[in-house]
Each structure stands twice: as C-alpha cells, then as structure tokens.
Amino acid sequence: MYFDAKKDLDYALEFTKVYKSYDNKAQRELQCLKMQIPYVLTPISKDDIIVGCMAHGFVGFSPQYGGAYTYYYWDESVVKALDKVRDTVDKEYIQSVEQMRTFWLKENTQQKLMDRFSEKYNCCIGENNPKFYYGVGRIAGMTVDLKRLVKLGLCGLKNYIDEQVKINGDSDFYTALKGSVDLIIDACLFYAKSARELAKSGDVEHYTAIAETFENIAKNKPESFREGLQLVWIYAVCSDLMNYGRMDDYLCDLYNNDLDKGIITEDDAIEMLASFYRNVIRVSKVHDSRIVVAGLGRDNPEKADKLALAIIKTSRKVIDVVPQVTVRYYSGMDPRIMEETLNNIECGAVYPIVYSDDTTVPAMMKAYNINEKMAQKWVPFGCGEYVIEGYGTGTPNTGMTLPIALNTLLHRGVDSFTGEKVDDDYGALEDFKTFDDLFAAYDKMITKAAYQEAYSEHLNYKVAGEEACYLHLSLLINDCIEKNMPIFEGGARYLCATSEIFGLITAADSFTAIKKCVYEDKLWTLPQLVNMLDCDFKGYERERRILLNAPKYGNDDDYADQMAIKVFDHISKVHDMAGKDTMLYRYNVVSVNNSGSAERGAVTAATACGRLKGSPLSNGNSPSIGADVSGITATLNSMAKIDASKHVGVVHNIRFNKDMLKNNKDKIRMLLEIFYKNNGVQTNLSSIGKDDLENALKEPEKYKNLIVRIGGFSARFVELSPIVQNEILLRTTYESV
C-alpha cells in the first residue's frame, strides 16, 4: 500500500466528521461505509481475473481489522503520519488531528468494550493480561449465506428486502440494508469503469471481460462461473468477509452450466480460482480465509464434487498459506476427493485440511440441539472453530492456557514463571490430601475464569449491537431480513462464542503424572514435586525421567487417555454453564491452537508431565511433544476417544515422511478414512521432512516457500519466530503405517 500521510489524515478527519453527523446507528454505519468503500478499494492489478482488494485507513468500520472491531482507530499510525506532515501543515490542521485523536481514543469500539468490562470486574481482560485467561474484541469468522447472494444477485437482494418491508413494515434498518447493497453495486461500477479505462491502453480483451463481468453483476444475478466468483469476492471486499464457506455448493450450478456449454474448461476455472486465491493472499488474513468443499447437505453432490476437485487442484497450483481449503469427508464420498487431497500433501501443500462429517454432524446435532439438516450446514472457519453457515456466529474472543492455570493453582495464585500474583489462593499444597481435592480446587479456579470470559463474549456482541447494525453481514445471515433485526439485536439464530484452550494435553498429561506418581505410587509428596518444577528439574533428572515415562496421551493408553477426556469434558462443561448465564445460544471450547502453543509455552513454568520451563505446550488435541511413541494408529485411537459433541473445533497435526506417503498412499488413505468414520474429527496433514526443516534453518534463503501447518493456520517456515520453528521441528514425523 502506498503511504500518503496527508491524504490518509484528510480521510480520517472526514470519516470522523461523517461519524459525528449521525445519531441513528443504521444511517451512521451506511454513511461511514459510503465514504470508506471507495477509499479502501485498490486499483486493478494487471494479472487479475477476479478483481478487488482493500487498503484500510487509520479509522474505519470492520467486523475485525488488526485486532480491533466495529469502529476501529489506529492511533500509532495517525501519530506517525502527523509527524511526516507536521512541517507542511498549519497549526489549525495539527489541532484538528489532535482533537480527532482525543475523540477516537475514547470513542473506538474496542475501548468502549474494555471500559464496560472493567465496570463489572475492575480489571482488564485483554490479550496482554498476565492471567491464564484473556478476552479481546472482534466479530470473527463470519460465514454468511453466500448461496443467497449468488442465487439472488445484488438487485435480487434489494427486491427481497422490499418483499419483507411489505410484510413487516419499513424501518431504518431496511432502508440502510438497501443502501448497503447499493454500495456494493457502486463498487462494481467503479471497477467496471476502471477496466474500461485500462482497455484503452492495451489488452482490450482482458479488461473488457473484467468490465462486462462487473456491469452484469451490478444489474443481474450472476449467469456464469466467473460472474459468481467475482460477485462473492466483491461482496467480501466491501464487507471485510474473511471466510468463504462451501464454495463448491453455492457455485456448482454456474460451474457445471459453463462446462456443459463449452464456455470454460476445468483449466479455465482453475485460472479464475487461482486469481481468487491471489486476492486472498493479498489480503493476508492467515488465521482465516477458509474455503470448504465436499460434505453432507449439498444440493447436488455430483455437480459440487466437480467444482471441489478444481478447487483442490488450485491449491496445488497456488501453494501458499491461504486460502485454507478444507474437505468435509463422509462415508461414500467420491474417492477422487481424498486422492487429490493426498496428492496435494505429497507435493508439499498443506491443504486441504480434512474434517469428518460422519463424526461432526451428529456431534453438532447434540452440541447445538438442532436437527440433522441444520447440522449439515456446519462449517469450520478461522483456525477451525465451527459455525452454522449463514445462521449465526461463533467468535473465538477468549482463551485459557491450562498449564499456566495448574501452575497458578499449585503456587497459591502466583504464576511462578513471572512471580506475579494473578489469581485467588485456593489452598496450600498440603490441603490437597487426594487427587480429587486437587481437581476440585482446579475446578473452582477454572469456573471463575470461565464466567468472566463468558461475560466478555456476551459484552463483545452487546457493544457491537449498540454501535452498529453490521449491514453487509446482516444481509446474508438468515433471519435478519426476515425478522427486521440486525445480527446482534436478535437477528442471528445461533449467537454463539468459543474459548480457545491452549496446552490441553500438556495439562492432562501433568494431571496424569501427579495422580500416578504422587497420589497412587506415592513416590513424592505434592510439595516435593512442585519443588522439582520450581527448580526446572535441575538436580532432579532421575525424577524427571520417571515423570516423562508416566502414561501419556497419544499412545492408546486408557490411563492417560481417560485423564485427557476428564480434563476436556471439564473445561467444556464449565464453559457451557458460564455461557448459559449470558445471551449466548452456546459457549463452547475449541482446541485449534495457532502459534500460541509455542509462544505460551515460552512463558510457562516446568510442568509435571516432565516438560521443561519455556518448552512448547501441546498443540490442539495432538499429543505432547515427543510423547506419541507407539505409532500413528495408537495416536489416532487416542484422538478418537474425545467426545466430539463437547467441543466446536479441534486440531490434530499429522506429519508424514515424504517417502512414506509416496509409497503407502493407499494404506494412509484407508487408515485416515477409518479414523474419520470412527469418531475421528480432523487432521492437519503434511509431508515435510524433518531434514527440510533443519536445512531451512541453516539456509533460509533456499526455503522461502516452505509452507508448514502450525495448528489453526499455516505459515512460511523461515518467517516464523525461533520459538515456533523449534516446536514444529520437534513434532513427530510418522515413517510407517
């Protein structure tokens, strides 16, 4: 993005003026978007087939942008820009910018959320909070009904709103909704005009095709695959949408019609999809950007599978960290889907990610108390959290690091890593006469934290609803138009939230070691064990080996696996209870860790499972680093034991040796399919050799395009922090089936 300090400051001042001019939140949002959208649209790039990108200003409106939400404000950027122009502007201009700064530092929605939380709890719950739990503000992972968009088109959406006006009566919300559609139409016409201008300078056929595509979707519903794909993307640009749902389902009719008429070939479609992918890469939302294919509940599986195959092949053509292409496996699925998936993994791609509908659909029926047809609408978004596509939210704004919680409990409310008092005193070590006594104290600590988290999630939506209607998202969330209600004022049917759990298996293995070594085998007292942890096992190497050899999750050992189930069921139940005290439809846990398992591990004291201070925590539902010593079948068996209805998203990292995948692809496919059919939920597959990772550390310039799966997202290995690189290097590489 070209940085023009004066231009960007002028825009921020004008945006602020518009914001202050309207008391009605629907009109205020519409007018702010009317100014914002033309400003954030970037020029057409010469290699674009699917066109459009954004470059946000210092202040603006977005579901989430750079860690803030709704009406966001970036003071550091304003200060930097002001310093650049200070010598070229008059005092009045500087004063107006300073007044704007004062206004937005209090008026931005994130600050309002934090202030409201502090009113009740007299503390901060931001990500920098030193406690083992946190909360942030954003509307993350929205997955809207893009099928409605493609089926009706922009003008059809306006007509549909008019039909509902006849039923419910007019309102400021309906008026603003129609205005928000006009803004997308205006964006289409902006790009059409730009393309016509570019056509005058050459490449007439290319730019004329772009112009005609935009002119057609501005007036009519899409009639070709290209038009459908472009409509989805321009809507995403205008709304800041970052997850694209079941693309094979909502675009398959247009795709198959074009194929049948000879308008395009599969290769042509892949070129269009590759352009879409490049736009997603340009936006660079590495924790989001989901495209979901396959799965139960599609209107026409046979037609959809044809497009699904093209989408998967595009991920092999454009190997990058996004988009996060995801396959929903089910029994009886077209076998070519899994074949192409493994072909991608073999060639070094990290997509598709694979989930099991055989497990997840029944689990969602139970978790959400919904019927099978509605449960089939589930999709993973972001790092892998679930939501019902087009019917609700599942924002993951809170999180807990369980090993830090256990450490804090064992030190009477003090985090021994920092020495800081961060929580209540739940009793001296000597008070925990039995393992049940210890776990009961842990329960009290976790329960208190979960209720604060749930309130934070509730407040996140409440404040968002007070501030704005989220017009573009409300257009495509079912029930909003029909009920004449914005998403956060009763429009969304399933207003849910999720809490990210870090170090789940590290905590479970630690509880296993404590139960066995302290309370059953009585090798040491609990105070003696805690002293070893405080010494980071220096002088206690023999004792550490005993702890390392204690039963560990990931080896199909029921002793360890049952403890993992206990810890997982507990954290799930506590959050469910806390959520019921709020407006949330459901408040569930997820274990889809991103780089946090390594980063939080770096600030976590030694743990009873034998892990040293500062070492990585377990990632997602994967075993602790180096603990899975019984082979991949045993690991998958352990993973399948956790009740899928107790969560709305988990991550299982599976890394194969390159030669092993190449020479045993059929065996691996059979093994994975058995796992998916038998309560297995998900696998992050990769086939990057450990030698590649080691060589990349030595010669990073030769491995700039080495993509690795972290947990809930992917990244270029050489761009990761050393902490995260080390965690990935230490993960198990399976070399036999």
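Here are the numbers:
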{"read-out": "Of the criteria (1) crowded, with 21+ Cβ neighbours inside 10 Å; (2) in a helix (DSSP H, G or I); (3) of a type in the set (A, V, I, L, M, F, W, C), which one V327 fails", "value": "(2)"}
{"read-out": "Test: residue in segment 303-310 that is in contact (Cβ under 8 Å) with a residue 60 or more places away in the chain and among the acidic types (D, E)", "value": "no"}
{"read-out": "Sole residue being in the same structural domain as D509 (by TED's automatic domain parsing) and either under 20 Å from H575 (Cα atoms) or surrounded by 20 or more Cβ atoms within 10 Å (Cβ to Cβ) (or both), chosen from L429, L438", "value": "L438"}
{"read-out": "Residue tally, condition modelled with pLDDT of 95 or more, under 21 Å from the mean Cα position of the chain (by Cα) and among the aliphatic types (A, V, I, L, M), over segment 322-372", "value": "9"}
{"read-out": "Filter result for L617 (touching a His at 6+ places or on another chain (Cβ under 7 Å), part of a loop (DSSP other than H, G, I, E, B) and among the hydrophobic types (A, V, I, L, M, F, W, C))", "value": "no"}
{"read-out": "Some residue of segment 294-303 being more than 18 Å from the chain's Cα centre (by Cα), closer than 19 Å to L146 by Cβ and in a helix (DSSP H, G or I)", "value": "yes"}
{"read-out": "Failed criterion for G649 (all others in (1) surrounded by fewer than 22 Cβ atoms within 10 Å (Cβ to Cβ); (2) touching a residue at least 40 places away in the same chain (Cβ under 8 Å); (3) over 19 Å from T341 (Cβ atoms); (4) in contact with a strand residue (DSSP E or B) (Cβ under 7 Å, 6 or more places away or on another chain) hold)", "value": "(1)"}
{"read-out": "Among the candidates L617, L671, L685, residue that is within 28 Å of V589 (Cα to Cα), outside the structural domain of M577 (by TED's automatic domain parsing) and surrounded by 24 or more Cβ atoms within 10 Å (Cβ to Cβ)", "value": "L685"}
{"read-out": "Condition check for M374: over 18 Å from G620 (Cβ atoms), free of Cβ contacts under 8 Å to residues at least 24 places away in the same chain and part of a helix (DSSP H, G or I)", "value": "yes"}
{"read-out": "Residues that are part of a strand (DSSP E or B) and either out of contact with any Asp or Glu (no Cβ under 9 Å at 6 or more places or on another chain) or modelled with pLDDT of 90 or more (or both), drawn from segment 639-661", "value": "V650, N653, I654, R655"}
{"read-out": "Filtered residues of segment 667-703 (kept if within 30 Å of S331 (Cα to Cα) and not in a helix (DSSP H, G or I))", "value": "N678, N679, G680, V681, Q682, T683, N684, L685, S686, S687, I688"}
{"read-out": "Test: residue in segment 481-490 that is free of Cβ contacts under 8 Å to residues at least 40 places away in the same chain and assigned to a loop (DSSP other than H, G, I, E, B)", "value": "yes"}
{"read-out": "Filter result for the condition that a residue is surrounded by fewer than 23 Cβ atoms within 10 Å (Cβ to Cβ), on the phi < 0 side of the Ramachandran plot and acidic (D, E), over E385, E346", "value": "E346"}
{"read-out": "Any hit, segment 280-289, residues being closer than 17 Å to L149 by Cβ, buried (at least 20 other Cβ atoms within 10 Å of the Cβ) and in contact (Cβ under 8 Å) with a residue 12 or more places away in the chain", "value": "no"}
{"read-out": "Only listed residue being over 31 Å from the mean Cα position of the chain (by Cα), hydroxyl-bearing (S, T, Y), farther than 30 Å from H458 by Cβ and surrounded by fewer than 18 Cβ atoms within 10 Å (Cβ to Cβ), chosen from T42, T88, T102", "value": "T88"}
{"read-out": "Failed criterion for H56 (all others in (1) touching a Phe, Trp or Tyr at 6+ places or on another chain (Cβ under 7 Å); (2) assigned to a helix (DSSP H, G or I) hold)", "value": "(2)"}
{"read-out": "Answer from C469, C496 - the residue that is in contact (Cβ under 8 Å) with a residue 60 or more places away in the chain, buried (at least 21 other Cβ atoms within 10 Å of the Cβ) and assigned to a loop (DSSP other than H, G, I, E, B)", "value": "C469"}
{"read-out": "Hey, G601 crowded, with 24+ Cβ neighbours inside 10 Å and touching a Phe, Trp or Tyr at 6+ places or on another chain (Cβ under 6 Å) or not", "value": "no"}
{"read-out": "Residue that is farthest from K317 (Cα to Cα), among those in segment 225-270 that are of a type in the set (G, A, S) and surrounded by 19 or more Cβ atoms within 10 Å (Cβ to Cβ)", "value": "S239"}
{"read-out": "Leading residue by the ranking (surrounded by the fewest Cβ atoms within 10 Å (Cβ to Cβ)) among those in segment 620-634 that are closer than 27 Å to E673 by Cβ and of a type in the set (V, I, T)", "value": "V629"}
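For (1) under 23 Å from C252 (Cα atoms); (2) part of a helix (DSSP H, G or I), each residue gets a yes or a no:
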{"position": "E127", "(1), (2)": "no, no"}
{"position": "L157", "(1), (2)": "yes, yes"}
{"position": "Q164", "(1), (2)": "no, yes"}
{"position": "K221", "(1), (2)": "yes, no"}
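The values are calculated or read from the model by the stated rules, or taken from the named source; none is laboratory data. What you are looking at is a predicted structure, and each value in this text was computed from that prediction instead of being measured. Heads up, the Cβs are rebuilt from the backbone with ideal geometry, glycines too, and the neighbour counts pull from every protein chain shown.
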